[in-house]
Structures are given as C-alpha cells and as structure tokens.
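Coordinate-derived values only; no laboratory data. Please read all numbers here as calculations on a predicted model, not as lab measurements. No Cβ is skipped: glycine too gets one built from the backbone with ideal geometry, and neighbour counts run over all protein chains shown.
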Amino acid sequence: MNATAPNSVWTPQGWRGDASGERIVPGIANLHSHAFQRAMAGMAERQTNPADSFWTWRETMYRFAARFTPEALYAVAAQLYVEMLEAGYTSVCEFHYLHHAPDGRPYADRAAMSRALIAAARDTGIRMTLLPVLYMTGGFDERPLGERQRRFGHEVDAYLRLLDTLRVEQDATLRVGCCLHSLRAVPPAPMREVLAALPGDSRVHVHIAEQVAEVEDCVAVRGARPVRWLLDNAAVDERWTLVHATHLDDGEVQGIARSGATVAICTTTEANLGDGLFPLRDYLDAGGHWGVGSDSHISVSPVEELRWLEYGQRLATRRRNIAVSVGADGSDSVGETLLRGVAASAARSTGFAAAELAGDRLVLDRDAPIFAGATDGDYVDRWLFSGNRNLVREVFVAGERVVADGRHRDGEAIARRYGETLRALLTD
Ligand code: NGQ
Ligand code: ZN
C-alpha cells in the first residue's frame, strides 16, 4: 500500500497532496486541429479506389471543405470544442486555412472565418492559439492552387495583414501565431519573408514529412528531405511546432531534438490516414519535445492519442513499456512519462506562459471503479491504459470551471445547433 495521501495533484515531479481531496492532473494541450474536419469524422471510411490513400482522402476532405460558411464553421467548431473540453483538452492550436469563400474570393470581412473560430473558442471556454495558415501553391513544383484549394490562398502581404487584424483580438485565453501549411504550399522566398516579419515571440507551426510521396518530392525539387531542408533554411527553435514529422532519418531526429522544436504527433489521424509511425523511442532518446493533436478529429480524446502512441510502438517492436523515461521522482511509469511529455510542451507550442496554463486542470472521477485501490504511483497509468469510459469529471480553464459532472455547461444547446448545421451541410 502507498502511504501517501490518496487524493492529490499530479505534477511532473510526482504527486503532491491537495487539500480538496481530489485527483487532479494538468489540462491537455491539443497541438493540432482542423475544426471543420470534425463534420466529416467517420464519413471517409468507404473505398473510393482500391488504392485509397491519404491523397484520395484529401479529395473527399476538399469536397467537404467547400461547403463551409462562417456560420457552419462556428457551429461545428463549438461542438468540437465542447467535445475537447469534456475529453480533457483545455487548449487547442487551431491550424486554420479555410479563409475565403468557396470560389476563392475573400469575404467582406477577410477574417470572417477566423472570427467564427475565435467565437467558438470564447463561447465554449477553451483556450486557443489561432494559427492562420499561409497557403500559396499546390505542390513543390509551385503549381497554382487547384480549384478546391483557392479558398485557402494568400499572398504574403494579405497574409501578414490578416495576422495584424487578428492579433488585436488576443486576450488571456487567445493567442495568434503563424502557420505555414507545408513546404508543398509555401515556396522558400515567401517563407523567409513571412518569418522575418513576425514578432520575436510568435509561434510557428508547419505540417511536415507526413507522407512518403511528400519526402520524395521534396528531395527531387529542393535536394533534401523536408525536415533536413527546414532545419537548414529556417531558424527552427523552441517557438516551432513540426506537425507529424513522421518520416525522419537519424540526422533529422537529432536535428529536431537539438533545435528545441516540438513535434505534434497526431496518433489517431496518422493511423486513419495511413501515414506511418513516428520514431518515438529514438526521439525520446535524443531528448526531443513532443505533444499530441487530434487533427482530423476522428477521435477527440487525449487518452486515445497517448494510449495508441505507446501501442503503435509496441506493435512495431513486439516489446512493451516503451515510452519510459524515469522521472524526477524515480517513476518508471509509461503513463507518467507520456503525461510529462505533453505537459512540458504545452507552453512552448501554444505560446501561453506556463504560469497561465497552471490554471488549466482536470479533476478525475476518483470514485470510478477503475481507480479502486489506486495509489499515487499507478493513478495515471490506470487513467490512460484501462477502459474506455471518460474519467474526466471537472475541467477548469484559466481557473474557470467549464465542465462539471463530465458535461460542458452549454453542451446541449451547442449539440442541437450542430445537428441542424450538419443536416443542412449534408443535404446541400
Ligand atoms: C490538412 N491534414 O491540411 O488538413 C491536411 C491534409 C494536406 C493532414 N495532413 C491536406 N492530416 O496535407 O495537403
Ligand atoms: Zn493537419
């Protein structure tokens, strides 16, 4: 039996007693989201072609993206953010590229779609790092945007103006960062121009090395693998988040770790899209920073992201208990190693200060049978590695309670509007 207090606060240094008698863990930062894709979750699972792949999924996704208005985006994002909060995500990095009307023409308010996302975050109470995406070309060969990509596009000046417009909105729970869709979508010269124009503390997120074809095209056109090219051509540091970074050679693993950047691993989406497996063990050995994202939202659960991050490694290596780095308290727990990883990357990747994020907390359901007889030493493992019931009972963002008894305060009304919106979206 563990002799310490049975109800306590988890910190990366171990559990410590809490006067409230609750089991408290940090809120989880969701490092990668495309909110609109929540509306197509479970709807791209039919074969369209015997050689279905990421690239055929992308066509389905583009057809869906073409249906969104600012009002529909608001309704879908609000539902998604309720689901995130109830699952234990207290902040979201929203990688936003549906900027213009479907035909590519800007809305009268060029920030209309961004404002829909900000409103959804404010109305639900989730903390947000809004990352308006720079998207310019349809491939490494710099071909123009395809018909369905037109609503994503910006020239550099208009993009920088959008960032300026949105920065005015920043407050205690909203940050605005910068985002390059991918090396495919941003040629070298505009990339340099945008990076040079950013405020010194701006966060920068970028999709990178997710698919083998993308690595091959990059080698063919730019003479280097994507991560290698980025490390050699941009001042990648702890303000950067590399999304996916699935396909890495040893030098790239070491290079990202040395740069101080964070990798946003999107386990369930990477599985769903057939991307490949992130080299987690090598990256942890190199001392790399990482966090998780729910990306396309076929799952909205930090538990599932973290559980399958470990399980993917087990399946590939036929071993067990792989993501372990012994903590300051001597713990060799997989769950605590994973939780320490996501907790440590939250400030770096979102741009909020660690002191601000300290107000983001989850209270777990200490009365759930899964926790019977639990100790400080096995509580986190039981949370992450047993069962499928959501064990998050209360959620606090910036000290304010937004989920009680497992339910978001406005969940019913938001779900109703989502239902109406989706039915209309699907019958268009
Ligand atoms: C996206 N999603 O931007 O939504 C991408 C697909 C692309 C993921 N990579 C489109 N999971 O990469 O071109
Ligand atoms: Zn993405």
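The table for this structure:
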quantity	calculated
Residue order, fewest to most beta carbons within 10 Å, for Ile322, Ile28	Ile322, Ile28
Packing-based exposure ordering (other Cβ within 10 Å, fewest first) of Glu94, Glu216, Glu270	Glu216, Glu270, Glu94
Helix runs (DSSP H) in the chain reaching 27 Å along axis by Cα, Kyte-Doolittle at least -0.5	none
Long-range amide H partners of Asn30 with built H, under 5 Å	Thr90, Ser91, Val92, Cys93
DSSP-defined antiparallel bridges as percent of all bridges, the chain, nearest 5	35 percent
Cα→Cβ-extended label distance, 7 Å offset, between Arg143 and Val219, nm	2.1 nm
Cα centre as origin, Lys/Arg/Asp/Glu Cβ charges: the chain dipole, Debye	420 debye
Where Rh is the Kirkwood radius over Cα pairs, Rg/Rh for segment 1-127	1.15
Value of relative contact order over the chain, rounded to a whole percent, pairs C-alpha under 8 Å and six or more apart	20 percent
Cα centroid separation - segment 72-116 against segment 399-419, whole Å	18 Å
Whole-Hz ³J(HN,Hα) from phi, Karplus 6.51 cos²θ - 1.76 cosθ + 1.60, for segment 96-107, glycine and proline x	10, 10, 7, 7, 10, 5, x, 7, x, 7, x, 5
Relative packing of 66-74, 288-296, 53-61, which averages over residues the other C-beta atoms within 10 Å, highest first	288-296, 66-74, 53-61
Which of Val363, Phe385, His96, positive extreme of dipole for the chain (C-beta unit charges)	His96
√(5λ) per eigenvalue of the Cα gyration tensor, the chain, largest first, Å	33, 25, 21
Calculated FRET value between Arg63 and Gln13, using beta carbons and R₀ = 41 Å, to 0.05	0.25
Helix-derived mean residue ellipticity, 222 nm - over the chain, DSSP H n ≥ 4, -39500 (n - 2.57), to 500	-12000 deg cm²/dmol
Value of relative contact order over segment 133-253, rounded to a whole percent, pairs C-alpha under 8 Å and six or more apart	25 percent
Of Ala66, Val334, Pro144, farthest towards positive along the dipole that unit charges on Lys, Arg, Asp, Glu beta carbons give the chain	Ala66
Segment Asp285-Asp157, length gained on full extension (0.36 nm per residue, minus Cα span)	42.0 nm
